[in-house]
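> Structure incoming, see below.
The values are calculated or read from the model by the stated rules, or taken from the named source; none is laboratory data. Predicted, not measured: the structure shown is a model, and the values here were computed from it. Cβ atoms come from the backbone with ideal geometry, glycine included; neighbour counts cover every protein chain shown. SASA here: full protein model, heavy atoms, side chains in, ligands and nucleic acids out. Shrake-Rupley method; radii C 1.70, N 1.55, O 1.52, S 1.80 Å.
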Protein chains: 2
Amino acid sequence: MEQLLKVQNFTVSSDGYGAGENQSLEQPFGHADPGTMLSWAGATASWPNRTDNGGTRGLDDYFTRDFAHNIGAEIMGRNKFGPQRGPWENEDWKGWWGDEPPFHTPVFVLTHHLRPSFTLSDTTFHFVDDEPEVVLEKAKAAADGKDVRLGGGASTIRLFLDAGLIDTLHVTVWPHKLGSGVRLWESPDELLDRYHHEVVPSPSGVTHHLFWRK
Amino acid sequence: MEQLLKVQNFTVSSDGYGAGENQSLEQPFGHADPGTMLSWAGATASWPNRTDNGGTRGLDDYFTRDFAHNIGAEIMGRNKFGPQRGPWENEDWKGWWGDEPPFHTPVFVLTHHLRPSFTLSDTTFHFVDDEPEVVLEKAKAAADGKDVRLGGGASTIRLFLDAGLIDTLHVTVWPHKLGSGVRLWESPDELLDRYHHEVVPSPSGVTHHLFWRK
């Protein structure tokens, strides 16, 4: 069975930014507010952080609940993992997600500053300083025959796009501009030479863009 | 965790029929051609009967691959199970699906003509002659905490709709008329008093209707 590399539920602003400027501990998405930008997913019944029984069960819920479908590993950039830059001052930082990260698989964090693997609940974080092809090989080997999720941020997705390694992308466009930040694209049309493309407007106001290899 | 009763990937004609007239062994959907009516799902990468690596990975594929998500049992009408009517002449008939049915869970077949349960691969068929509420209780007990799929046909969905037992419905409208057959609805508007409703046109030409309880 073919193992895919997939981008899922990655949200960008209408001007193509996946996060704002000046990421910090207090502002994981920089000047962008993740609660607002990701509210299309947060409103659904399947949102992992939901603590009540409510939530919508329309189109956006299909995307939200597909997050873990046949996924055996994730690859993410260091800036998704945390706000630190350069050498680690210490190894106290274990990610943004508390004691039960929502990944439930091995996670490979790209960084030039390696540190030992560690496990929180059923998620193990590994730190790798390799070319994208090699990181993908490691993630596929760890995924137990399942697909690999490319978790972002935007720079990491660009890196794997430019290396031709991504099989499918689901990018949600939030209908507001950020003006600056970490850019995924100028326009989704940049991918049309290599990918089939479907544009699916959601009743919630966002637009889902689905790409798969030609 | 709440256990839902869900209709998934049920396809009707633009005039509301889930199947044509005169179902038979040769024509499981009566005068309707299932290959054409279900081609929106058959074209996707996740279609269970796909034997090659191709297939689309756009919107329709999300619905197709959601078929088994958190499902622990199915309920179906006898006319989905087979073309026979009245008492069983014998028990040779094991359903349309060969040695590996695509359900992979217990399946409860509604019929006034009971027969012993049997197992094919990882699907076990049970035959029940109870009110919808009781059938749903049995299916939930067998579903191991997961949701229950209501598999159709249209008459069986009507029966459970009229009993107020369905939590979510995904109905795909194929843009052609059948003129006669087994009807699900005159119009999706009939459900609006009880359900939220989203209408999602697919690039493939079908329209997905999503309903969840108010």
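> If the limit is 18 Å between Cα atoms, which of B:6/B:80; A:6/A:140; B:94/B:140; B:6/B:140; A:80/A:140 go over it? Show your work: numbers first, answer last.
Working: B:6/B:80 16 Å; A:6/A:140 12 Å; B:94/B:140 23 Å; B:6/B:140 12 Å; A:80/A:140 20 Å.
The answer is B:94/B:140; A:80/A:140.
> At what distance in nm do the modelled label points of residue A:176 and residue A:14 sit from each other, each positioned 7 Å from its Cα along Cα→Cβ?
1.2
> If you don't mind, another one. Suppose you put the label 7 Å out from Cα in the Cβ direction; list, shortest first and in nm with one decimal, how far residue A:118 is from each other copy's label.
Here the equivalent label points are 5.8 nm apart from this one.
> Which distances, shortest first and in nm, link residue B:193 to the matching position in the other copies, using label points set 7 Å out along Cα to C-beta?
In ascending order, 5.8 nm.
> Put the label 7 Å from Cα along Cα→Cβ for residue B:15; what are its distances to the other copies, in nanometres, shortest first?
In ascending order, 5.3 nm.
> Any chance you could look up the accessible area of residue B:26 with a 1.4 Å probe, heavy atoms only, rounded to 10 Å²?
Residue B:26 has an accessible surface of roughly 140 Å² with all protein chains in place.
> How shielded is B:168-177 by partner chains, expressed as the average number of their Cβ atoms within 10 Å of its Cβ atoms? Write down the numbers at each step before the final one.
Numbers: counts 4, 1, 3, 0, 0, 0, 0, 0, 0, 0.
The shielding value for this peptide is 1.
> Could you sort A:192-202, A:64-74 so that the peptide with the highest average Cβ count within 10 Å comes first and the rest follow in order? Please report the intermediate quantities before stating the final value.
Working: A:192-202: 15.5, A:64-74: 20.0.
Per-residue Cβ counts within 10 Å, averaged per peptide and sorted highest first, yield A:64-74, A:192-202.
> With a cut-off of at most 14 other beta carbons within 10 Å, and DSSP calling the residue loop, which trypsin sites (Lys or Arg not before Pro) in segment A:125-189 qualify? Please list them.
Details: sites: A:138, A:140, A:146, A:149, A:158, A:177, A:183; in loops: A:146, A:177.
Qualifying residues, ordered by number: A:177.
> Using a 1.4 Å probe on the protein heavy atoms, what percent of the accessible area of segment B:67-108 belongs to carbon and sulfur? Walk me through the numbers on the way to the answer.
Details: 1000 of 2050 Å².
That fraction is 49 percent.
> How big is the A-B contact in terms of buried accessible area, both chains counted, 1.4 Å probe, rounded to the nearest 100 Å²? Numbers along the way, then the final one.
Values: alone 10690 and 10680 Å², together 19280 Å².
By this definition, chains A and B bury close to 2100 Å².
> Could you grab the relative contact order for segment B:5-213? Cα pairs under 8 Å, six or more apart, rounded to a whole percent.
Details: 409 pairs, mean separation 64.4, N = 209.
In percent, rounded to a whole number, it is 31.
> Using each residue's phi in segment A:148-157, evaluate 6.51 cos²θ - 1.76 cosθ + 1.60 at θ = phi - 60° and report the 3J(HN,Hα) Karplus result to the nearest Hz, with x for Gly and Pro.
With the stated coefficients, segment A:148-157 comes to 10, 8, 9, x, x, x, 4, 5, 5, 5 Hz.
> Would you give the gap between the C-alpha center of segment B:1-31 and the C-alpha center of segment B:126-164, rounded to a whole Å?
15
> Which value in deg cm²/dmol, rounded to the nearest 500, describes the helix-derived mean residue ellipticity at 222 nm for chain B, given -39,500 (n - 2.57) per DSSP H run of n ≥ 4 and division by the residue count?
On the way: 6 runs with 39 residues, N = 214.
Counting only the DSSP helices, I get -4500 deg cm²/dmol.
> Along the Cα-to-C-beta direction of residue B:141, a point sits 7 Å from the Cα; which residues of segment B:1-28 have their amide N less than 17 Å from that point?
Counting backbone N atoms under 17 Å from the label point, the list is B:3.
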